[in-house]
1. Could you pull out every residue, at least 5 positions away or on a different chain, whose amide H is within less than 5 Å of the one on Cys383? Hs are placed 1.01 Å off N in the peptide plane, and Pro or chain starts have none.
2. Which FRET efficiency value, to the nearest 0.05, is calculated for Ala299 and Arg250 with the Förster distance at 35 angstrom and r the Cβ-Cβ distance?
3. Stretched out fully, how many nm does the piece from Arg314 to Arg87 gain, at 0.36 nm a residue minus the Cα gap?
4. Taking H placed 1.01 Å from N in the peptide plane, check which residues at least 5 places from Ser79 or on another chain put their amide H under 5 Å from its amide H.
5. With label points built 7 Å along Cα→Cβ from the Cα atoms of Ala365 and His122, find their separation and express it in nm.
6. Any idea how far apart Arg24 and Leu262 come out in nm if each label point goes 7 Å out from Cα toward Cβ?
7. So for the chain, averaging the separation of alpha carbon pairs under 8 Å that are six or more residues apart and normalising by length, what relative contact order in percent results?
8. Peptides 74-81, 207-214: what's the order by average Cβ count within 10 Å, highest mean first?
Amino acid sequence: MRQSGSPPARDRAVADFAAAFGGRPTALVRSPARVNLIGEHTDYNDGLCLPAAIDLEMWVALRPSPGAAGRGGAIELVSETEPAPARVDLPPPGTPPRAGTRPAPGWAGYVEGVAVMLAAAHGDLDGWQGAVASDVPKGAGLSSSASLELAVAAGCAHVTGLPWDARSMARLAHRAENTWVGAATGLLDQLACAGGVAGHALLVDCRDETVEPVALPEEVAIVVLDTSTRRRIVTSAYADRRAECARAARLLGVPALRDAGLGLLAEGAWRLDPVTYARARHVVTENRRVLDMAAALRAGDLAAAGGLLTEGHRSIRDDFAVSSLELDAMVEAALAAPGCYGARMTGGGFAGCAMALVERSRLDAFVPAVREGYRAATGRSSCVLPCSAVAGTAVEPFRDLCEVGPPGPQNSAGDGRRDGLDLGGHRC
Ligand code: GLA
C-alpha cells in the first residue's frame, strides 16, 4: 500500500525490479482494484452486480528471463509487501492436475494457480521476472487477490505471446482462486478487474457472464472509505453464506436465487427458517437494486442512486449479516457528511472498506467530515480515497522516462492523467 509521500506504484515497481534483478524491465502491467457499487453476494447466486475498476492499482515491472525464448525456466516475482519471493518453476506443478498437489502458501499460491491454469489452457509458458508494487490494500474488500491474479496472467500472456481476452482471462483467474488457492469466491472480482472501462461502472450478469458498461455521471465521485479493519476471506463466514443461499434456493425449488422473485419468496417462506429467509431476501432484493441503480445512473438521478446504496447497506447488514460495527459507523459518518448521496459497505464484508457516491464539488468538505465522524464513533483512523473508474488490466512497454521526457501519452486508463510522469518528488 502506498504510504503518503512515497513514489507512485509504477515507479516503485521499476525501482524494485532494478534492485532485485538488475537493469531495466521491458514491460509494465497495470492491474486495478475494484469497488462494487451494488450487487453484493449475488455473484455466486447467478445474479447481477455493478462494480467498477478503480485507480488504486497494482503495477508489475517485468522482463523475460534470460534464455526464456526456449520455453521453460521460471516465473520469479518479488513484492514490496511480501517477505518472500514467489517462484514457479515451469512447467508449473499440477499440469495436468494430480490429486494431492498442494498450492504454495501465501501470495505464491495465487501466482502458481494462474500459471497452472494458463499452462493447462494454452500449453508451455515462457519464464519471466517481475517486481510488484501495489496501492491496493489487502483484505480490505477491494479485490487485491483478483488484481494480482490478472496481473500475473497479463505478464504471462505478454511474455509468452498469448491472446488477451478480458472475459476468458477473468474466468481463468477465477478458476485459479477457486480450485488452486481454495477460496470459493464468485466471478465478480476478476470480471471487474479485467473488464474495467474508464469512467464507467460495469453491469455484470453472473449467469451468462455478460458485462455492460454504464457511464458514471461526471459530477459524482466514487469514494472508498477504508475502516482500517481487515479480514481474510478464506477463514471468514463467506462459505457459510454461500451454503445458506444454496439451501434457500433448494428449498424454494429454483436452480439459483437469481430465479426467485419476491412473489416466490413469499409463497415459499413457510419452508425457510428465519435466517435462511433473510439471506434469500437480501439476494432477491439486491438483484432488483442493481437494475434500479443502473437505470438511476443512466438517468443521472443521483438522489435515487444514493438511496439504493443506503438501502443496500441495510439489507446486507440486517438480512445478510456480513457488516461490522466499523463498517456501519463508516456508512453513518459518510451519510452525515456534506455532499453524500449514499453509502454502503463494499466487497465480501466483515471488515475492510465502505464506499460512497459523493458530489464531486463537495469532496473537500466531505473527506475531513467522514474522517472526524468515523474517529468520533470508533476511536480509529481511516483512509478516505476519492477514486476514478479506470480501464481493466493491461500491459504497456516500458519506456524510461529519463530518455523519453515529457510530454507523455495519455495513461492506459484514458482518464486524462498521464502515467508515470508524476515522479512523486523523484527526479531523473
Ligand atoms: C468477495 C468475493 C466475490 C463476491 C463478493 C461479495 O469479494 O470474492 O466473489 O462474492 O465477496 O459480493
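The values are calculated or read from the model by the stated rules, or taken from the named source; none is laboratory data. Everything numeric in this text was worked out from a predicted model, so none of it was measured. Here the Cβ is made from the backbone with ideal geometry for all residues, glycine too, and neighbour counts use every protein chain on show. To get the accessible areas, we keep the full protein, side chains included, count just its heavy atoms, and leave off ligands, DNA and RNA. Shrake-Rupley method; radii C 1.70, N 1.55, O 1.52, S 1.80 Å.
1. Placed amide hydrogens put Asp226, Ser228 under 5 Å from Cys383.
2. Details: r = 38 Å, r/R0 = 1.07.
It comes to 0.40.
3. 77.4 nm
4. Val132
5. 5.1 nm
6. With each label point 7 Å from Cα toward Cβ, the separation is 6.1 nm.
7. Numbers: 960 pairs, mean separation 92.7, N = 428.
Computed over the chain, the figure is 22 percent.
8. Packing proxy ranking, top to bottom: 74-81, 207-214.
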